[in-house]
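Heads up, the thing below is written out as structure tokens.
What follows draws every value from the coordinates through simple rules; no lab data is involved. Quantities reported herein were computed from a predicted structural model and do not represent experimental measurements. When we count neighbours, we look across all protein chains shown, and the Cβ atoms used for this are built from the backbone with ideal geometry, even at glycine.
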Amino acid sequence: MVSPVDHQYVTRTLQDLVHINSINPALEVGGPGEAEIAAYVARALEVAGLDVATHESEPGRVSVVGRLDGRGEPGGRGGRSLMLNAHMDTVGVADMPKPFSGEIRDGKLYGRGSYDMKGSLAAMLGGAKALADAKAPFRGSLLIAGVADEENASIGTADLIPRYQVDGAIVTEPTHLEVCLAHKGFAWIEVTTEGRAAHGSRPDLGVDANLAMGQFLGRLADLERELRARTPHPLVGPPSLHAGVLKGGTAPSVYAASSKLTIERRMIPGETESQVVGEVAAIIDGLARGDARFRATHHLTLAREPFEVSRDAEIVRCVARSLEAELGTPARYGGQTPWMDSALLAAAGVETVVIGPTGAGAHAAEEWVDVESVVQLAGVLVRAVLEYCR
């Protein structure tokens with residue numbers, strides 16, 4: 001028999017996690033990364049009675065895995081294995097007066113990472129403690145994964161996938177306690193237009209790479225409008241793009257020798273990396289055919305696949321039943337626009353679903369999570385483990 005999740009433990013743990021600065025150093029110079037928060041999570045899992053391992057993908061970039069084997073065969077081989085996944089890193093804290101306060105007002109806990117996604121991490125720890133206290137009344141294995149670097153390149157989850165073979169995964173990104181069946185992917189594509197540097201008084205010698213980039217941007221705007229007019233995905237909407245970073249030129253009196261643009265292209269389920277790169281290549285080819293002086297190159301710097309899971313998948317049905325039992329209301333289904341580590345797990349053949357707490361302000365100057373929803377999430381996770389790993 002599993003006792004109810006300890007509300008006080010979950011709340012205190014969440015406050016402790018928010019107190020810890022875990023800004024991703026790849027996003028902000030001086031960010032401490034995950035070492036301190038990983039040590040906290042590892043200790044909490046050890047005290048709860050789980051077997052704990054840490055993995056340092058890069059110096060200071062630490063992920064933690066706690067394992068709780070059930071009462072089946074040794075190593076949890078008597079039933080299915082389930083990973084609960086949450087990232088420990090956060091974005092920066094610009095314009096936040098008290099970013100690590102963990103203050104609770106009107107049932108909302110405030111601070112950087114409270115919603116994205118230390119509330120989820122606290123729920124996982126609270127659920128794991130409840131299951132361990134009950135002597136793991138299931139036959140399979142539970143893995144609690146606190147991962148590094150989701151906010152940048154996801155080196156944490158990518159590092160864990162080949163180390164741990166699991167049957168299913170629940171990524172606990174915030175969803176307002178809605179079962180998330182899909183999210184967008186993205187591709188970063190770098191385009192460089194080429195010119196010829198010359199004194200600003202010598203148009204006979206100079207070729208302006210910035211003006212060439214202007215030509216490209218005009219065609220890119222046409223593509224952006226066309227993307228938004230496409231048939232939307234029923235859960236995540238239409239694809240999109242934006243011009244994220246633009247750099248060109250060295251001085252007002254010098255013709256720019258090059259101009260560099262980084263495009264972020266958001267992909268919906270069904271779209272592919274080669275497809276979106278091909279759209280950019282087609283713009284460049286078209287401009288080059290119409291203007292002999294136009295020269296540009298492009299290359300893909302990072303791509304992350306979209307995610308989608310069937311509502312009929314066993315992991316989805318399990319989470320939906322657990323949610324309905326915990327809340328006493330029918331499960332709600334939807335999709336999310338941000339990318340998540342769920343796509344990596346699904347691509348590795350792990351049946352995966354996303355569910356997380358209620359809140360607001362991810363990456364914003366004011367961030368909060370609803371404490372009661374965090375405790376409810378912990379209860380949902382306990383029920384899901386008991387069913388999936390039985």
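So the values come out like this:
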{"quantity": "DSSP-defined beta bridges in the chain - what % are antiparallel, rounded to 5", "calculated": "70 percent"}
{"quantity": "D (Stokes-Einstein, µm²/s), Kirkwood Cα radius, the chain, 1.002 mPa s at 20 °C", "calculated": "96 µm²/s"}
{"quantity": "Projected label distance in nm at Arg43 and Leu27, using a 7 Å step from Cα toward the beta-carbon", "calculated": "2.5 nm"}
{"quantity": "Shape category assigned to the stretch 1-158 from the gyration tensor of Cα positions, a/c cut at 1.5", "calculated": "oblate"}
{"quantity": "Distance from the stretch 30-78 to the stretch 93-148 (C-alpha centre basis), Å", "calculated": "14 Å"}
{"quantity": "Likely footprinting exposure, Lys108, Lys260, fewest C-beta neighbours within 10 Å first", "calculated": "Lys260, Lys108"}
{"quantity": "Relative contact order %, the chain, counting alpha carbon pairs below 8 Å whose residues are six or more apart", "calculated": "23 percent"}
{"quantity": "Under 19 Å from the Asp106 label point (7 Å along Cα→beta-carbon), backbone N, the stretch 351-374", "calculated": "358-362, 364-374"}
{"quantity": "C-alpha center-to-center spacing [the stretch 157-173, the stretch 237-261] in angstrom", "calculated": "37 Å"}
{"quantity": "For the stretch 17-28, Karplus couplings with θ = phi - 60° (6.51, -1.76, 1.60), whole Hz, Gly/Pro x", "calculated": "5, 5, 4, 8, 6, 10, 4, 5, x, 6, 9, 9"}
{"quantity": "Ranked list, fewest to most other Cβ atoms within 10 Å of each Cβ, for Lys247, Lys118", "calculated": "Lys247, Lys118"}
{"quantity": "All-pairs alpha carbon distance profile, the stretch 185-304, 10 Å steps from 0, percent", "calculated": "14, 42, 28, 12, 4, 0"}
{"quantity": "Candidates Val380, Val52, Val29, ranked by Gaussian network fluctuation over the chain, Cα under 10 Å, top entry", "calculated": "Val29"}
{"quantity": "For Phe100, Phe138, order by how many other beta-carbon atoms lie within 10 Å, fewest first", "calculated": "Phe100, Phe138"}
{"quantity": "Efficiency of FRET from Cβ geometry, Arg289 and His242, R₀ 22 Å, rounded to 0.05", "calculated": "0.25"}
{"quantity": "Virtual spin-label span in nm between Ala348 and Glu56, 7 Å along Cα→Cβ", "calculated": "2.1 nm"}
